[in-house]
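The values are calculated or read from the model by the stated rules, or taken from the named source; none is laboratory data. As the structure is a prediction and not an experimental result, all values here were calculated from the model. Note that each Cβ is placed from the backbone with ideal geometry, even for glycine, and that neighbours are counted across all protein chains shown. These area figures cover heavy atoms from the full protein model, side chains too; ligands, DNA and RNA do not enter into them. Shrake-Rupley method; radii C 1.70, N 1.55, O 1.52, S 1.80 Å.
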Amino acid sequence: MKETPSKRIDFVDLTKGVCIILVVMTHIGGAFELLDRGSMLSCFRMPLYFFISGVFFKPYEALSGFILRKINKLIIPFLFFYLSAFLLKYIIWKIAPGVFHLPVSWKELLTVFHGHDLIKFNPPIWFLVALFNCNILFYLVHFLRNKYLPAMFALTLLIGCTGFYLGKAQITLPLYLDVAMTALPFYVAGFWIRRYNFFLFPHHRFDKLIPLFVLSALLVMHFTATTLGMRTNNYSGNIFQVYIAAFAGIFMIMLLCKKVKRVKIISYLGRYSIITLSIHGPILHFLEPLVARYIHNSWAQATMLLFITLSICILLTPLFLKVIPQMVAQKDLLKIKQIHTKK
């Protein structure tokens, strides 16, 4: 089996773009909740994000170097958007106390250490911490792939099952480690697809069967989809329902995006999805009351919120890329000695 080339694959950016749009729609809620009939969207939305992240996994050097890289890519953006969102909230509260129902307390900065409590001033960025842990878990597991491949898959499934049943038992691990454990099979699947599967190859003979595969995935999701609460590691279905429905949804979206290949704006959002992920929460916090004041139809309100939020994200993305690229995972803040990447 040969690994696929390292060049950027357009439809993967499109997939990330679709994923981040679904995330924003979820946080808007309202009329968009009606689209998630039978949990057909929520069953795969966050698993898809972990899956796509696995596609881009590279082992690099020793564990210490790998951790530094992931701190640059995930923890530094998390800290920047965590602290800046809180400071924005605090400053606005000081200037106009009536904007928030309760006083803004510095204790809110400890939220991330309180189990899986909602980060009220920027909820979506919990994912960056969970993804960091998922990266570290797989870095430790992936060394088995050369000589003990079945053991790598077995350990991945064991870790995933452990994380899932910790959630069922309502046992919470710090810093979303339990979430990362449950998500590990999705991440590993993304890694495997990138390196050993025909799936990403363009113009494959199976591409003509994509409509049939998509229909099959929809049928599987129809009978197995259940609501996923990945931030809280809370799942309403059994373990087979959760993973089967999630993988069906993941491959459905990937196949559709492979067919389309590229949509400029959505692919752009996908390529820099960390920016939209990290800023759409605070944008919505202030935008929702404003839009609700002037638009009362639920569908019009949700659609306008989505349009304005994504437009702001697209407009701000070049600014972040130019002014603070280190804060949005485009340049390293912590310098790493450059060495050859392991194959």
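Can you run phi through the Karplus equation (6.51, -1.76, 1.60; θ = phi - 60°) for region 320-328 and list ³J(HN,Hα) in whole Hz, with x for Gly and Pro?
Whole-Hz 3J(HN,Hα) from phi for region 320-328: 4, 5, 7, 8, 10, x, 5, 8, 10.
Amide H of Asn234: which non-local residues (sequence gap of 5 or more, or other chain) have their own amide H closer than 5 Å, using H built in the peptide plane?
Residues meeting the amide H criterion: Gly229.
Stretch Lys58-Ala292 to full length: gain in nm at 0.36 nm per residue minus the Cα-Cα span?
Extending this stretch completely gives an extra 79.8 nm.
From the C-alpha gyration tensor of region 233-343, pull out the three semi-axes of the equivalent ellipsoid (sqrt of 5λ each), sorted largest to smallest, in whole Å.
The equivalent ellipsoid of region 233-343 has semi-axes of 29, 26, 16 Å.
Under 14 Å from the Cβ of Ser39, count the other residues' Cβ atoms, weight Lys and Arg +1, Asp and Glu -1, and hand me the total.
0
Starting with the highest mean, order 66-76, 255-265 by the number of other Cβ atoms within 10 Å, averaged over the residues of each peptide.
The packing order, highest mean first, is 66-76, 255-265.
Rounded to the nearest whole Å², what accessible area per residue is found for region 1-87 with the 1.4 Å probe?
Accessible area per residue, region 1-87: 40 Å².
How large a share of the accessible area of the chain, in percent, is made up of carbon and sulfur atoms when the probe is 1.4 Å and the other protein chains stay in place?
68 percent
Using the alpha-carbon centroid of each, what span in Å lies between region 231-261 and region 311-325?
One Cα centre to the other: 30 Å.
How large is the dipole of the chain about the Cα centre if only Lys and Arg carry +1 and Asp and Glu carry -1, each at its Cβ, rounded to the nearest 20 debye?
1240 debye
What whole-number value in Å² describes the accessible area per residue of region 259-343 for a 1.4 Å probe?
Solvent-accessible surface per residue comes out at 63 Å².
Pick out, in residue order, every one of the trypsin sites (Lys or Arg not before Pro) in region 107-170 that is DSSP loop and has at most 11 other C-beta atoms within 10 Å; say none if there are none.
Answer in residue order: Lys147.
Taking the 0 to 90 degree range and rounding to the nearest ten, how far is the long axis of helix 239-260 tilted relative to the main principal axis of the chain, both from C-alpha atoms?
90 degrees
Read phi for every residue in region 156-161 and hand back ³J(HN,Hα) as whole Hz from Karplus 6.51 cos²θ - 1.76 cosθ + 1.60, θ = phi - 60°, with x for Gly and Pro.
4, 5, 4, 5, x, 5
Would you mind working out the accessible area per residue for region 99-139, using a 1.4 Å probe, and quoting it in Å²?
45 Å²
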